Structures are given as structure tokens and as C-alpha cells.
Amino acid sequence: MKILSGIQPSGQLHIGNYFGMMLPMINHMDKGELYAFIVNLHALTTVHDPEGLKRQTLNAAMDFMALGLNPERCVFWVQSDVPEVTELSWILSTITPMGLLERCHSYKDKVAKGIAASHGLFAYPVLMAADILIYQADKVPVGKDQKQHLEVARDIAVKFNNAFGETFVLPEAVIDDNVATVPGIDGQKMSKSYGNTINIFQDAKSLKKSVMAIKTDSTPVEEPKNPDRCNLYNIFKLFAPAERLSEVRDLYLNGGAAYGYIKLELVDILWEFFREPRARRAELSADPGQVKEILRQGAAKAREQAVATLDIVKERVGLRY
Ligand code: ADP
Ligand code: TRP
């Protein structure tokens, strides 16, 4: 079974990205043949800063590897290193109904947020369909926000198969409803666009600063509090060992939970939790040449599959003459 997912190279990685995206993808290494890639062509729809995009692409690769993605146990590459995908994207766009794209929430949301309504932004789901179909992926683990894009990919595959003969595997979205939405330090969903993140690879001082800034209410220490409504507790529970978590829960329920102490404890827990990834991340950034080489090798493997699919497609649509 082929499992495929892409991630945008989108700046500093936070604990929401870790639980919502990286960890689920890393866990898929054991469940089949994993194809994991960094979607820099998609990022180009919103990032127009060449140096920034280069840096973020490499950083995303290093973050992923530092957190446990093993390039020896999956195919790991950068999207634009397999140019065939843009060729397939064009071919697919010629059979994609406008209405299908016009209905996409993600496009409308991005435009509402002020992102320029370019053709690339509008055609984003077609490129994503090409990403998935060119590798003949069976399963695509994504967040809830990507569900509609997966439906578009399936619709396009069906349309193509009907018009030109069975060519593409119909991909299935894997959406894990148990993946928690991690709250930010202000209680809204953690997101870099809200400036409420706890970043994973930051120094001890700034980590402490962001944890100490977690918003809490003003209930006195000795009074009972509802842990499930407490933003600090909801972050703490993602990292604390089970035994300690149940002690802290009791303190909330029966009185005695002091936010300041719990925050300091959380700083230590987080620092320990990411100790090994931090060390690996430092090793990787000391040798970017090695990371680039790994990505090149990954692209070569991915490309074999992409070329094979595109060959069939070109034959079927009449581009081989
Ligand atoms: P941000 O909101 O910080 O810009 P992105 O939109 O780039 O993050 O999200 C990248 C990935 O991380 C997506 O797959 C998304 O589902 C996941 N993700 C982002 N924030 C959270 C969160 N607070 N909780 C769980 N998953 C998240
Ligand atoms: N659109 C996805 C996101 O923003 C990223 C993506 C691009 C992707 N191509 C993909 C995800 C192919 C899965 C499969 O998260």
C-alpha cells in the first residue's frame, strides 16, 4: 500500500504542527510504503521571497528528519525536484471543471485573508491532485482542512479514467479525528498566523518566555478549577507523563494548582521532550550538503514512478505522436 502526504515549508515549526501533521505522518512509516515530500511549488502560491523559500524548504526537511522521519524507510523529497508533476497538472487542468475549483473553501478562505487571488492559488487543488495521482497513492493522511482537496483529486481521477481509460488509482483520504487541535498560548487554535505558538526548535530562554505567556484565569491557587477548560492544562497534558498528569488533574479538581509552577514544570518537560530532536536538528543544520543529498536521492526514486505514470498519461491523451 502506498501512503503519500505533502507538507508546506511554512516557517518555524510549532507543537500544533508536530501533533497535527508530523507525528501522524512519521507514524505512517510502519504502515506501508511512505512517500513524504515538501510542497515548495504549492508554497509559491503564498511565498514570494526567494531566500525565504529556500531556507524554509531546507528547514522543513531538517525538522522532519530531526523529529523522526527516517529517509531510509520512506521516499522523501522536494516537490519541485520532480518536474513531471507540473506537466501532469496541466493535463489534468484541461479536464477539471471550473465549478469544482470554484467551490473550494481553501481558495476562498485564503483570498478572504488577503492573499492575492492568482491563477496558481485557484489551481492549487489541481497541482495537489497531480501530486497524488502521479505516484498512484492509495492513502493520503491529511488534516480535516484538506478533505475537500482530496475529493477534488478523486473527482479528477474518475473523470480522467472515464475519458481515457483506467489510469489512476483512486486515492483515499485518511483523516484521524483523534488528532487533537492543539490550543495556542491564548486559547485559540495554535497557528503562526495568530502569533500564539510554542515553537519546537527555539532556545531555552524563548521557550520559557512563550510558556510563561500562556493565558490563564485569575482563580486563586487553593480554589478548585476545571482542568479541561484550562489552556495550560490542555497543553501540559500533551507532554506530561501519565502519573504526573493525574496528580496535576487532582490539584485542579481539589484546589492547589498553581499556574506559575505548572508553567515552569512544562518548560522543563518540553525542553526534555525535544532534547534528542534538538541535537539531531543541530547535527543536520551543521551539514546541509548531506540533507540536500538525501533529498536528491529521494527525488530520483520518486521521479522513476512519476515518469512511468506520465508516460502512460501522455500516450492515453494523444501527446505521443
Ligand atoms: P499554521 O496554522 O501555523 O500556519 P499550517 O496551516 O502551516 O500551520 O499547518 C501545517 C500543518 O499543521 C497542517 O497539517 C495542520 O493541520 C497542522 N496544524 C497546524 N496547527 C495545528 C494545531 N493547532 N493543532 C493541530 N494541528 C495543527
Ligand atoms: N495542500 C496540503 C496542505 O496544505 C499540502 C499538499 C500538497 C499535500 N500536495 C499534497 C498533502 C499531496 C497531501 C498530498 O496541507
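The values are calculated or read from the model by the stated rules, or taken from the named source; none is laboratory data. Please read all numbers here as calculations on a predicted model, not as lab measurements. Reconstructed Cβ throughout: ideal geometry from the backbone, glycine too, with neighbour counts over all protein chains shown. What goes into the accessible areas is simple: the full protein's heavy atoms, side chains included, and nothing from ligands, DNA or RNA. Shrake-Rupley method; radii C 1.70, N 1.55, O 1.52, S 1.80 Å.
Does a label point 7 Å from the Cα of E87, set along Cα-to-beta-carbon, have any residues of region 1-32 with amide nitrogen under 14 Å, and which are they? Answer for region 1-32: none.
In this structure, K237 and K192 have a Cβ-Cβ separation that, at R0 = 25 Å, corresponds to a calculated FRET efficiency of about 0.65. Pairs spanning more than 19 Å between alpha-carbon atoms, out of K208/K263; K113/K208; K189/K215; K139/K314; K108/K159; K144/K215: K113/K208; K139/K314; K108/K159; K144/K215. Each Lys and Arg Cβ is given +1 and each Asp and Glu Cβ -1; about its Cα centre, region 202-273 then shows a dipole of about 320 debye.
A dipole drawn for region 202-273 from +1 and -1 charges on Cβ atoms has a positive end, and of P220, N231, G255 the residue lying farthest that way is N231. Compactness ratio for region 135-211: Cα radius of gyration over 2.2 N^0.38 Å (N = residue count) comes to 1.67.
Modelled label positions at T94 and S106, each set 7 Å beyond Cα in the direction of Cβ, lie 2.5 nm from each other.
Calculate I(q)/I(0) for the chain by the Debye formula, one identical point scatterer on each C-alpha and no solvent, and give its log10 at q = 0.06, 0.12, 0.16 Å⁻¹ to two decimals. Ignoring solvent entirely, the Cα scatterers give -0.25, -0.88, -1.35. Binning the alpha carbon pair distances of region 202-273 at 5 angstrom intervals from zero yields the distribution 3, 17, 31, 26, 15, 7, 2, expressed in whole percent.
If you take the Cα centroid of region 55-123 and the Cα centroid of region 156-210, the two points sit 13 Å apart. Between the Cα long axis of helix 147-164 and the first principal axis of the chain there is an angle of about 10°, rounded to the nearest 10.
Taking a straight line from the alpha carbon of K205, these aspartates and glutamates sit under 15 Å away, with near neighbours fewer than eight places off in the same chain left out: E265, D268, E272. Accessible surface of the chain, 1.4 Å probe: 52 percent of it comes from carbon and sulfur atoms. Measuring from a point 7 Å past the Cα of N178 along Cα-to-C-beta, which residues in region 106-150 have an amide N at less than 17 Å? Flagged as within label range: 141-144.
Approximating the spin labels as points 7 Å out from Cα along Cα→Cβ, the A286-to-I115 distance works out to 3.7 nm. Computed as a quarter of the hull surface, the mean projected area of the alpha carbon convex hull for region 58-164 stands at 8.1 nm².
The 3J(HN,Hα) values that the Karplus relation (6.51, -1.76, 1.60; θ = phi - 60°) gives for region 13-29 are, in residue order, 6, 10, 5, x, 4, 4, 6, x, 9, 5, 4, x, 6, 4, 5, 6, 4 Hz. Gly and Pro appear as x. Using the average count of surrounding beta-carbon atoms within 10 Å as a protection proxy, the listed peptides 44-50, 12-18, 85-91 rank, highest first, as 12-18, 85-91, 44-50. Place a point 7 Å from the Cα of M212 along the Cα-to-Cβ direction; which residues of region 228-243 have their backbone N under 18 Å from it? The answer is 232. Each stretch of four or more DSSP H residues adds -39500 (n - 2.57); spread over every residue of the chain, this sum gives -16500 deg cm²/dmol at 222 nm.
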